[in-house]
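The values are calculated or read from the model by the stated rules, or taken from the named source; none is laboratory data. All of these numbers come straight from a predicted model, not from anything done at the bench. Here the Cβ positions follow ideal geometry from the backbone for every residue, glycine too, while neighbour counts run over all protein chains shown. To get the accessible areas, we keep the full protein, side chains included, count just its heavy atoms, and leave off ligands, DNA and RNA. Shrake-Rupley method; radii C 1.70, N 1.55, O 1.52, S 1.80 Å.
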Amino acid sequence: MNYETIIGLEVHAQLLTRSKMFCRCSTDYASAPPNTHVCPVCLGMPGVLPAINQQAVEYTVMTALALNCTISDYTKFDRKNYPYPDLMKGYQISQSYAPIGHHGWLTIEVDGEKKRVGIANVHLEEDVAKLIHITTFAPEIVISGVHPKPLPRASPDREAYSLVDVNRSGVPLMEIVGEPDIRSPEEARQYLIKLRSLLQYLGVSTGNMEEGSFRCDANISICPENSPEPLAKVEVKNMNSFKAVYLALEYEAKRQRRMAEEGKKLIQETRGWVEERGITVAQRSKEYAHDYRYFPEPDLPPLVLNRDWVEEIRSKLPELPEARRDRFVAEYNLPLYDANLLTASKAMADYFEEIRKINMSLSAKEISNWLLGEVSRIINANNCDMNEFRQRISPERFAELLVLHSEAAISTASAKSVLEEMFNTGKDAASIITQRGLSQISDTEVIEREVIVAIRNNAQAVADYKAGKKQSLKFLVGQVMRATRGRANPTLVNELLEKKLEEG
Ligand SMILES: [Zn+2]
């Protein structure tokens, strides 16, 4: 029996507003001591009244518009009731029945093929508090910048315990509910990359998955070929990187097929991804909407979105990734492939354009090659991102290095190692080049001397060259480069070698 994999993703993104969703508390809690960004509203005290954060509504409208959604004229908030220690009020204010945006789509590309993934809706809700569980087996936990000392570890004679940090409670959370249009883990990954990039372009969320400001839950089921009905829908949680989403979905698709083939019954349930073991485990049987006893939030009025305001937001939307990619092709004459990669990350695309603005004589293709090659390599090797790279090497300093390289003051190999040192030490290119004596040798006399040595020491290669084996020249160039520790100007070496070989 053949099965089709059916995936729908739900993404929660924390919005970059200054205050929380329904109170004035600051959202800038990342390095704040626990329980310092709190007030009666986000602590869930009885008798307090929430007020809607306009900026959060605006960011959600922006996102919904960028995702080609229809914007509702009339929206409202609902109470989603469930008891959990991280939910201060015992209910979450969410939008279940009248979301801000609905019926949109996001275009993804896998293996050169474009595909539209439907967006069921984009709505607003609030984040919950953070629980820190200390168990007997837990290693000592230090939350950087928060606790001067490690938290006391639970020990066999001391029971496990949990800590509650309410700072995150009430932070605006935008949920983007995708339609089950995704058919493979790779499509799921592309969808997330595309969506995160869009949120970063809009400036509405950091999209940082490791820090939890961009979270993804996945619904996955398999459907027998020629059957309209998929088997049981399974929700997978606890994935905190794009890679984890990919691996969890791949695991789950296989597990469900194996179960079906063995004739076992699949049940609708929630499963958690266990990163260390590379598996998903059952958490609880899936709840249904009626379990939450949704009802309209009585403390908030319905929200009517003024058409003119929505149109004003639409007219102010920034340039989005696809438009920027097309402009990069037209304006900088870059190949579509390069433009696609550069504009996938707003930070990378910004960095590219800044270097270009600093020095218009640098070739766009050259800058692109460096960013997609060496810079991406350094970022991956150091497990950091473009923002961190930028903090270590400003566009101005990067432009200086490229100028030195294009003026042939240093070889490509040297430029690469200078870049690495700039990243590691924060020094500028010129001082590293001076300190390490890396300046490229363009002195013909010096190079000629090495050329003569190379010809004298490699009679076989010379004979091969004269017999018509042109690739022997490469070998001889390599000998000269090695003798000059990579500092000789390769173009000059080539020219001089050819000349000498013709003469000899
Ligand atoms: Zn508050």
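Rounded to 0.05, the FRET efficiency of the His133 and Arg449 pair, given R0 = 60 Å and the Cβ-Cβ distance, is 0.30.
A simple rule links phi to the HN-Hα coupling: the Karplus curve 6.51 cos²θ - 1.76 cosθ + 1.60 with θ = phi - 60°, which for segment 177-183 gives 9, x, 6, x, 9, 8, 10 Hz, with x for Gly and Pro. Given a cut-off of 39 Å, what percent of all Cα-Cα pairs of the chain lie beyond it? Summing the P(r) tail past 39 Å for the chain gives 42 percent. Along segment 88-101 the Karplus relation, 6.51 cos²θ - 1.76 cosθ + 1.60 evaluated at θ = phi - 60°, assigns HN-Hα couplings of 4, 8, x, 8, 10, 7, 9, 10, 9, 10, 9, x, 5, x Hz to successive residues, with x for each Gly and Pro. How about Lys499: which lysines have a C-alpha closer than 20 Å to its C-alpha, ignoring those fewer than 8 places off in the same chain? Of all the lysines, those that pass the test against Lys499 - Cα under 20 Å, at least 8 places apart if same chain - are Lys466, Lys469, Lys470, Lys474.
When the listed pairs Lys80/Lys265; Lys76/Lys233; Lys20/Lys316; Lys76/Lys194; Lys20/Lys89; Lys80/Lys243 are checked against a 20 Å cut-off, the alpha-carbon distance exceeds it for Lys80/Lys265; Lys76/Lys233; Lys20/Lys316; Lys76/Lys194; Lys80/Lys243.
Which order, highest average first, do 379-387, 234-242 follow once you tally other Cβ atoms within 10 Å for each residue and take the mean per peptide?
Per-residue mean Cβ counts within 10 Å order the peptides as 234-242, 379-387.
Mean residue ellipticity at 222 nm, helices only, the chain: -12000 deg cm²/dmol; runs of at least 4 DSSP H residues each add -39,500 (n - 2.57), and the sum is divided by the number of residues.
A simple count of charges around Ala381, restricted to other residues whose Cβ falls under 15 Å of its Cβ and scoring Lys, Arg +1 and Asp, Glu -1, yields -2. Here the contact order of the chain, divided by its residue count and restricted to Cα pairs under 8 Å and six or more residues apart, works out to 14 percent. State the Cα centre-to-centre distance between segment 350-400 and segment 464-504 in whole Å. Centre-to-centre (Cα) distance: 32 Å.
Bridgeable aspartates and glutamates around Lys427 (alpha carbons under 15 Å apart, same-chain partners fewer than 8 residues away excluded): Glu396, Glu400.
If you take all other residues with their beta carbon under 15 Å from the beta carbon of Val164, and give Lys and Arg +1 and Asp and Glu -1, the sum is 0. Amide H to amide H, with H built 1.01 Å from N, Ala488 comes under 5 Å of Ile441, counting only residues 5 or more places away or on other chains.
The listed peptides 77-88, 13-24, ordered by packing as a protection proxy, come out as 13-24, 77-88 (highest mean of other Cβ atoms within 10 Å first). Here's how it looks for Val274: its modeled amide H is under 5 Å from those of Ile279, Thr280, Val281, which are all 5 or more places away or on a different chain.
For segment 423-504, the pair-distance distribution built from all alpha carbon pairs, in bins 5 Å wide starting at 0, is 3, 15, 25, 19, 13, 8, 7, 6, 3, 1, 0 percent. Modelled spin labels at Lys474 and Gln391, positioned 7 Å past Cα toward Cβ, are 4.2 nm from each other.
Close amide-amide hydrogen proximity is noted between Ile182 and Ile7, each under 5 Å apart and 5 or more residues distant or on a separate chain (H modeled in the peptide plane; Pro and chain starts excluded).
What translational diffusion coefficient, to the nearest whole µm²/s, does segment 180-334 have by Stokes-Einstein, given a Kirkwood radius computed over alpha-carbon pairs, a temperature of 25 °C and 0.890 mPa s viscosity? Mind showing how you got there, number by number?
Details: Rh = 19.0 Å.
The calculation lands on 129 µm²/s.
As a fraction of the 1.4 Å probe accessible area of segment 153-287, surface on carbon and sulfur atoms comes out at 47 percent.
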